[in-house]
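Nothing in this text is a laboratory measurement; each read-out follows from the coordinates by a stated rule. Note that this is a predicted model, so its numbers are computed, not measured. Note that each Cβ is placed from the backbone with ideal geometry, even for glycine, and that neighbours are counted across all protein chains shown.
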């Protein structure tokens with residue numbers, strides 16, 4: 001079913017509800033939560049998903065798994081989505097925090113087929129089997145390291161937000177220490193305590209997420225590499241592949257045409 005309101009069907013006696021939705025470029029979904037678990041798949045464009053614990057970037061042809069009752073906001077950058085809303089009891093394996101996953105060709109076709117079904121699809125037969133097969137495919141999906149943790153410490157959070165406005169891989173721990181009026185050793189300790197990663201690891205992850213947005217928008221690998229402070233595009237590509245398992249060129253495309261508003 002397309003462009004339907006979940007609230008109207010949430011109580012329907014179906015383990016899985018499939019809804020496709022078209023969004024205009026830049027559409028922001030304010031913080032909200034669902035009783036059901038959600039599989040949010042973007043056919044095109046990029047999605048930014050934010051919770052109080054972090055930010056996840058969802059490139060085209062990937063999905064984010066959002067646990068039940070998790071407050072989240074989403075920014076849609078020219079995205080048409082295919083969403084599954086799953087009764088928690090039907091997916092006991094579902095992750096307990098947001099997770100970006102790869103989407104297999106089979107799952108991609110199943111999602112497209114599911115969103116064309118009536119929302120009150122038959123509970124037996126072909127439609128029900130399709131829904132069950134999707135759950136098996138989702139359960140075996142490969143997770144992707146596309147999360148950027150957000151610190152709880154207010155001062156560190158403010159400084160992280162400043163870094164994200166102009167990320168640069170050459171930013172030294174001294175920059176953080178001077179801004180926070182602490183020692184470099186304390187900066188390292190804060191990152192480990194707040195985000196379970198080192199300063200350099202967090203900066204690399206932040207640069208990768210920034211780069212994905214730029215690449216999907218159509219910017220060249222060399223332009224993005226220079227803007228992020230890398231000496232050469234190959235150095236940037238090596239780091240990008242190390243973090244994501246993919247070459248940056250695989251994310252590069254022309255800007256997707258925004259869908260009309262609902």
Report task. Calculate the translational D of region 149-251 in whole µm² s⁻¹ from Stokes-Einstein, where the hydrodynamic radius comes from the Kirkwood formula applied to all Cα pairs, the temperature is 25 °C and the viscosity 0.890 mPa s. Result -> 173
**Report entry** Computed [θ] at 222 nm, deg cm²/dmol, the chain (DSSP H ≥ 4; -39,500 (n - 2.57); rounded to nearest 500)
**Finding:** -11000 deg cm²/dmol
Report summary line: Honestly region 69-120 on the Cα gyration tensor test (a ≥ b ≥ c root eigenvalues; a/c under 1.5 rounded, otherwise a/b vs b/c for prolate or oblate) is just rounded
Report summary line: Taking 137-144, 211-218, 34-41 and ranking on average Cβ neighbours within 10 Å, highest first, one gets 34-41, 211-218, 137-144
Report task. Can you tell me how much longer the chain between residue 2 and residue 30 gets when fully stretched, taken as 0.36 nm per residue apart minus their C-alpha distance, in nm with one decimal? Result -> 8.0 nm
Report summary line: Rounded to one decimal in Å, the inverse mean reciprocal Cα-Cα distance for region 6-144, i.e. its Kirkwood radius, is 14.9
Query - Inter-label distance for residue 112 and residue 12, nm, one decimal - labels placed 7 Å from Cα along Cα-to-Cβ - result: 2.2
Query - Angstrom value of the Kirkwood radius, inverse mean 1/r, which spans all Cα pairs in the chain - result: 19.6
Query raised in the report: Which value in nm describes the separation of the simple spin-label points at residue 126 and residue 93, placed 7 Å from the Cα toward the beta carbon?
Result: 2.6
Requested in this report: Find the relative contact order for region 1-149 and round it to a whole percent, using C-alpha pairs within less than 8 Å whose residues are 6+ positions apart.
Outcome: 29
Query raised in the report: So what's the angle, to the nearest 10 degrees on a 0 to 90 scale, between helix 105-114 and the longest Cα principal axis of the chain?
Result: 50
Query - On Cα atoms only, tilt of 126-139 relative to the major axis of the chain in degrees - result: 20
Requested in this report: Pick out which of 28, 86, 57 has the largest mean-square fluctuation in a Gaussian network model of the chain, springs linking Cα atoms closer than 10 Å.
Outcome: 28
Requested in this report: Specify the angular offset, from 0 to 90 degrees and rounded to the nearest 10, of the alpha carbon long axis of helix 233-244 from the longest principal axis of the alpha carbons in the chain.
Outcome: 50
